[in-house]
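The values are calculated or read from the model by the stated rules, or taken from the named source; none is laboratory data. Predicted model only: the values in this text are computed from it and were never measured. In this analysis, Cβ positions are derived from the backbone assuming ideal geometry, glycine residues included, and neighbour counts consider all displayed protein chains. Each accessible area value is taken on the protein alone, full model and side chains, heavy atoms only, with ligands, DNA and RNA left out. Shrake-Rupley method; radii C 1.70, N 1.55, O 1.52, S 1.80 Å.
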Amino acid sequence: VIDDSAVHMIRDNSKCILCRRCSAVCEKVQGIGVIGANMRGFATFIGSAFDMGLGETSCVSCGQCIAVCPTGALQEKSQVDEVLAAIADPQKHVIVQTAPAVRAALGEEFGYPIGTNVQGKMAAALRRIGFDKVFDTNFSADLTIMEEAHEFLDRVQNGGVLPLITSCSPGWIKYCEHYFPDMTENLSSCKSPQQMFGAVIKTYFAQKKGIAPENITCVSIMPCMSKKRELTLPGMDSAGTGQDIDYVLTTREICRLIKADHIDVSRLPECDFDDPLGEATGAGVIFGASGGVLEAALRTAYHTVTGENPEIGEQSPLKVLRQISSFKELEIDIKGVKLHCAALSSLGEARRLIQAMKRGECHYDFVEVMACPGGCINGGGQPIRPSFQNKPKDCADRDQCLRGYDARSAIRFSHENKAVQTLYDEYLEAPLSDRAHHLLHVEEY
């Protein structure tokens, strides 16, 4: 029986061998448990309660079940054909963006060691597939930081709801809506970098290039399964074209497309992203690793208050956020104000922290939550590793890829991204302006 009721994935139980890996990761790691063994004996099958379609349950679309399935019984709902049709349409200007974590994992499908940064070859491959423009989601990650850091400071200074909890992981957002609806006021109103990028492309970029927004097709390459659901949510249509992001392909899908086009990645020359939305900082790229969003936001928040950049080297208190751990916390002093912050990954960890906060056992001002263990580098759309390989090491290698990129970057602060500065000067005016709120924030969850 095939279940295609969910927007992000397909279940084909004819391929299921009842290994129960999917139900284990759903319940034990993510703390959700929407799938499990139904019936008994020879009649046993994996499914949802009352044999409901997955789209009718409280599944958060994280895709971790797909990442552990050994037979392909679970797979993403592909949009490759729709993307190829858009590329073949001469009326369409097809733009692609690639998430920070994709460059750290895509090379694995082409024989590169785990954690190899294939950013240049990835951009070259996307151009050969036929995309008109190739951009980096790191740009809109920097944009997200500008909005989120200012939102955080506004809440701290004006008695807003705290802790502020990050909103860039759509799997976490849905989880919060289902299981902790009383906490939705704590969520940042910022859209994710994916959706901010789509909003900017179909407004600012469209005007700058003289292209009708309805003739732009915006495609995302993401490590995340929940991004396929996110683009359909209310409020994700800033330009009035129906959707700011038209299609989402996972890292696995774009790898299959590159192979289908017989593109030899190893022989491609290194290629840069396009302008004017191609510039990014080291702060933007660490969005793909657990702790990266919090660190990037604190870098800019510190500068906004003090006028100086914080220490981010080996002596920095932010260094703790670079450890490989499902839970990290720190205290940072910004001009005499001590802020308690935490970064966690996996929804099971999120449940434990929120319950502890509700019991009054801990207090935080700023919390980063990523739905997938380790963050986006280990997202449900990333290349699937054989079970005999060391999963924690895979995660660490991908994490180090992004951290190394940040350490080598000439610019490591989102507020120093000149392309973002130009966007504010020419179009958005300032963080949290009326136009910025309209394009880059949601009204409510």
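Report, ordered by the first and then the second residue, all pairs with beta carbons closer than 8 Å, sequence separation of six or more or different chains, a first member in segment 210-238 that is farther than 22 Å from residue 133 by Cα, and a second member that is acidic (Asp, Glu). What qualifies is 225/76; 235/443. Every listed requirement among (1) in a loop (DSSP other than H, G, I, E, B); (2) surrounded by fewer than 16 Cβ atoms within 10 Å (Cβ to Cβ) is met by residue 61 save one, (2). For segment 291-329, which residues satisfy the criterion of being hydroxyl-bearing (Ser, Thr, Tyr), touching a helix residue (DSSP H, G or I) at 6+ places or on another chain (Cβ under 9 Å) and closer than 24 Å to residue 352 by Cα? Scanning segment 291-329 gives a single hit, 326. Could you pull out the residue among 49, 85, 101, 67 that is under 24 Å from residue 347 (Cβ atoms) and at pLDDT 95 or above? Within the list 49, 85, 101, 67, the selection yields 101. Can you find even one residue in segment 141-162 that is buried (at least 24 other Cβ atoms within 10 Å of the Cβ) and not in a helix (DSSP H, G or I)? No, because not a single residue in segment 141-162 is buried (at least 24 other Cβ atoms within 10 Å of the Cβ) and not in a helix (DSSP H, G or I). Of all residues being over 20 Å from the mean Cα position of the chain (by Cα) and under 18 Å from residue 303 (Cβ atoms) in segment 398-416, which is most open to solvent (accessible area, probe 1.4 Å)? Just the residue, please. Applying the filter and picking the extreme gives 410. Based on what the data block shows, is residue 284 of a type in the set (Gly, Ala, Ser) and surrounded by fewer than 24 Cβ atoms within 10 Å (Cβ to Cβ)? Considered against the rule, which asks whether it is of a type in the set (Gly, Ala, Ser) and surrounded by fewer than 24 Cβ atoms within 10 Å (Cβ to Cβ), residue 284 comes out as no. Comparison of 18, 106 shows that the only residue that is open to solvent by less than 20 Å² (accessible area, probe 1.4 Å) and within 27 Å of residue 374 (Cα to Cα) is 106. Among the residues of segment 234-256, those that are of a type outside the set (Asp, Glu), open to solvent by 10 Å² or more (accessible area, probe 1.4 Å) and either closer than 20 Å to residue 111 by Cβ or assigned to a loop (DSSP other than H, G, I, E, B) (or both) comprise 234, 235, 236, 238, 239, 240, 241, 242, 243, 252, 256. Does residue 96 count as touching a Leu at 6+ places or on another chain (Cβ under 8 Å), closer than 19 Å to residue 220 by Cα and not aromatic (Phe, Trp, Tyr)? Criteria met by residue 96. Cβ-Cβ contacts under 8 Å between residues 6 or more apart (or on different chains), taken from a first residue in segment 344-359 that is farther than 20 Å from residue 65 by Cβ to a second residue that is modelled with pLDDT under 95 and among the polar types (S, T, N, Q), are listed as 344/326. Against the criterion of being surrounded by 14 or more Cβ atoms within 10 Å (Cβ to Cβ), of a type in the set (Asp, Glu) and free of Cβ contacts under 8 Å to residues at least 40 places away in the same chain, residue 27 qualifies. Taking the criterion of being open to solvent by less than 20 Å² (accessible area, probe 1.4 Å) and either of a type in the set (Asp, Glu) or without any contact (Cβ under 8 Å) to a residue 40 or more places away in the chain (or both), the only residue of segment 123-140 that qualifies is 136. Scanning segment 198-221 for residues that are out of contact with any Asp or Glu (no Cβ under 6 Å at 6 or more places or on another chain) and either open to solvent by less than 10 Å² (accessible area, probe 1.4 Å) or among the basic types (Lys, Arg) (or both) yields a count of 10. Has segment 35-56 got any residue that is open to solvent by 20 Å² or more (accessible area, probe 1.4 Å) and touching a residue at least 60 places away in the same chain (Cβ under 8 Å)? No.
Exactly one residue among 4, 89 is open to solvent by 20 Å² or more (accessible area, probe 1.4 Å) and over 30 Å from residue 276 (Cα atoms), and that residue is 4. Which one of the conditions (1) in contact with a strand residue (DSSP E or B) (Cβ under 6 Å, 6 or more places away or on another chain); (2) within 30 Å of residue 176 (Cβ to Cβ) does residue 49 fail to meet, given that it meets all the rest? Condition (1) is where residue 49 drops out. I need the full set of residues from segment 417-445 which are surrounded by fewer than 18 Cβ atoms within 10 Å (Cβ to Cβ), among the polar types (S, T, N, Q) and within 21 Å of residue 287 (Cα to Cα), in order please. Selection gives 421 alone. The single condition among (1) touching a Cys at 6+ places or on another chain (Cβ under 7 Å); (2) open to solvent by 30 Å² or more (accessible area, probe 1.4 Å) that residue 323 does not satisfy is (1). Scanning segment 330-360 for residues that are within 27 Å of residue 224 (Cβ to Cβ) and surrounded by fewer than 16 Cβ atoms within 10 Å (Cβ to Cβ) returns 352, 355, 356.
Has segment 298-313 got at least one residue that is touching an Asp or Glu at 6+ places or on another chain (Cβ under 8 Å) and not in a loop (DSSP other than H, G, I, E, B)? Within segment 298-313 (the criterion being touching an Asp or Glu at 6+ places or on another chain (Cβ under 8 Å) and not in a loop (DSSP other than H, G, I, E, B)), the answer is yes, since at least one residue qualifies. Of all residues in segment 164-185, those satisfying the criterion of being open to solvent by 10 Å² or more (accessible area, probe 1.4 Å), under 27 Å from residue 424 (Cβ atoms) and not in a helix (DSSP H, G or I) are 168, 169.
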